[in-house]
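All remarks here apply to the structure that follows.
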Amino acid sequence: MKLLRSLLLPILVTPLLATAETAATPTPEKEKPAGFWDKFFIAPVPTSSPSQGSGLALNTMYLHDRINNDTPASTSWAYTQYTDTDSFMFFGGHKHYFKDDKWRAEGMYGYINSHVKHFGFDKPLPVPLPYNGKTQFVFGSLQKQFFDNWYIGGQFTYYHTQAKGEGPNPDQNEDFERRMKGESAGFGGLAQYDSRDNQFNATKGWNIEFSSWHYLEALGSQHNYHQLSAKASHYIELQPNHVLAFNGAYKQLLGDSPDYAQVNVEMRGFQWEQLRGNSAAWLQSEYRWKFAGKWTWVGFAGVAGIEKKQSSSVNDKVFVSGGTGIRYLLSAKEKLNIGIDVAASEFEHSFYLRMGEAF
C-alpha cells in the first residue's frame with residue numbers, strides 16, 4: 001500500500017500545480033437535433049464470471065440534445081443483469097449538464113439481489129462463504145463551475161443492505177448476517193477538475209475528483225463514520241488513433257465504519273467482494289488503438305492493494321490484473337463506444353460489457 005500511495009501522489013497532485021490555459025471562445029452555435037434512433041442505444045450482451053455465474057445483461061443509454069457544441073450531452077441510462085445463480089441487478093441514472101456546462105447534476109438508483117461469495121472481513125477465509133445479498137441505494141450530486149475546469153459541490157446517498165449466509169456452518173452464517181446488515185445515510189463534498197476533450201472517450205486532458213462522505217446517526221445511519229477518496233485519470237494522444245490512458249485512486253474509511261461499508265478496488269479482474277478493506281488503492285493503464293473504421297482494440301493492466309482494520313497477510317500484498325478488449329463506435333458525434341473486455345487476475349477470468357470506457 002505504501003508503494004501504491006507513492007505512485008498515486010504525483011498523478012493526483014500534478015494538475016493542481018499547473019495553470020489552466022484560458023482563451024476567448026466564440027459564441028456557441030445551436031446544433032440541429034438528431035433523430036431518436038441517433039440518440040438511443042440498447043445492447044443485450046452475454047455476461048459471465050466465476051463469482052456471479054453466466055447470464056444476460058442489457059445496457060441502454062439515451063443522449064439528450066446538446067445545448068451547444070461546447071456543452072456535453074446529458075445522458076440517461078439503465079443497466080440490468082440476470083445470471084444462472086439467480087442473481088439480479090438493476091441500475092439507472094441521469095447526468096445533466098446545464099447553463100452552458102456551468103452546472104452539473106447527477107442522480108442514480110440501484111437494486112442488487114445477488115448470490116455470490118464472501119472472502120473475509122479482517123482476514124481471508126480458508127473457504128469463501130456463499131451468501132445471498134440484497135442492497136438498495138440512491139445517490140445524488142450537484143456541482144457548479146467556480147474556476148476554469150473546476151467544479152465544486154455536494155452529494156448525498158442512502159443505502160440499505162442485508163445478507164443471508166448459505167454456508168454449512170450456522171454460527172458463521174449468523175455472524176456474517178449480523179455484520180452485513182445495516183443502513184447508511186450520508187452527505188459530502190465533491191471537487192472535480194475536468195479538462196477532458198470528450199466525456200465518453202477522451203484522448204487528452206485530466207479528470208480528477210476529490211470526495212468526502214460523512215455518514216451520521218442523526219441522518220439515519222447505524223454508525224458514525226467517514227470516507228475520503230481521490231481519483232485521477234489522464235489521457236495522452238501519442239499519435240492519431242493511438243491513446244495512452246492512466247487511472248489511479250485511493251479510498252480511506254475513518255471512524256466507526258461497519259463491515260458492510262468496506263471500500264473496494266474498482267478494477268477489471270476483481271469482483272467487488274474480492275478486494276475490500278478499510279482502505280484501497282489502485283493504479284492502472286490502458287492502451288487504445290483505433291485500427292479500422294469504427295473498431296478499436298484496448299489492452300490494460302494494473303496493480304491494487306487493500307488494508308484491513310486488523311493485521312492481515314493481504315495488507316502488504318500487491319494484486320495484479322490485466323486483459324484486453326474490443327470497441328465498436330456507436331455514435332461518431334459523441335465518440336461513444338460499446339465494447340467487451342476480458343480480464344484476468346489470481347481470482348478469476350471475467351467478461352465485462354460496457355458503453356463508454358472503463359475510465
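Looking across the stretch 49-103, the residues that are over 30 Å from P128 (Cα atoms), touching a residue at least 60 places away in the same chain (Cβ under 8 Å) and either in contact with a Gly (Cβ under 9 Å, 6 or more places away or on another chain) or not in a strand (DSSP E or B) (or both) come down to M61, P72, A73, W77, D100.
Does S141 fit the bill of being part of a strand (DSSP E or B), surrounded by 19 or more Cβ atoms within 10 Å (Cβ to Cβ) and among the polar types (S, T, N, Q)?
On the way: part of a strand (DSSP E or B): yes; surrounded by 19 or more Cβ atoms within 10 Å (Cβ to Cβ): yes; among the polar types (S, T, N, Q): yes.
Answer is yes for this residue.
Examine the stretch 256-278 for a residue that is touching a residue at least 60 places away in the same chain (Cβ under 8 Å), assigned to a strand (DSSP E or B) and of a type in the set (G, A, S), and state whether such a residue exists. No.
Of the residues making up the stretch 230-263, those that are under 26 Å from D197 (Cβ atoms), among the charged types (D, E, K, R) and crowded, with 21+ Cβ neighbours inside 10 Å number 1. Among the conditions (1) part of a strand (DSSP E or B); (2) free of Cβ contacts under 8 Å to residues at least 40 places away in the same chain, D175 misses just one, which is (1).
Filtered by the rule that a residue be touching a His at 6+ places or on another chain (Cβ under 6 Å) and farther than 22 Å from E217 by Cβ, the stretch 232-260 gives a lone residue, F246.
Consider V303 carefully, then state whether it is of a type in the set (V, I, T), free of Cβ contacts under 8 Å to residues at least 60 places away in the same chain and at negative phi. Write out each step before concluding.
On the way: of a type in the set (V, I, T): yes; free of Cβ contacts under 8 Å to residues at least 60 places away in the same chain: no; at negative phi: yes.
Taking the combined requirement at face value, the residue does not satisfy it.
Filtering the stretch 318-359 to residues that are under 26 Å from D65 (Cβ atoms), without any contact (Cβ under 8 Å) to a residue 60 or more places away in the chain, buried (at least 20 other Cβ atoms within 10 Å of the Cβ) and not basic (K, R) leaves only G339.
Tell me, please, whether a residue that is part of a helix (DSSP H, G or I) and touching a strand residue (DSSP E or B) at 6+ places or on another chain (Cβ under 6 Å) can be found in the stretch 189-201. No.
In the stretch 92-119, the qualifying residues are those that are aromatic (F, W, Y) and crowded, with 16+ Cβ neighbours inside 10 Å, and the one that is modelled with the highest pLDDT is Y97.
Does any residue of the stretch 310-317 turn out to be at pLDDT 90 or above and more than 19 Å from Y235 (Cα to Cα)? Scanning the stretch 310-317, I find no residue that is at pLDDT 90 or above and more than 19 Å from Y235 (Cα to Cα), so the answer is no. Among the conditions (1) modelled with pLDDT of 95 or more; (2) among the polar types (S, T, N, Q); (3) within 20 Å of V263 (Cβ to Cβ), the only one that T161 does not satisfy is (1). Mind checking which residues of the stretch 110-127 are in a loop (DSSP other than H, G, I, E, B) and touching a residue at least 60 places away in the same chain (Cβ under 8 Å)? Correct list: F119, F121, D122, K123, P124.
The values are calculated or read from the model by the stated rules, or taken from the named source; none is laboratory data. Keep in mind the model is a prediction, meaning the values are calculated, not measured. All Cβ positions, even for glycine, are placed from backbone atoms using ideal geometry, and neighbour counts span all protein chains on display.
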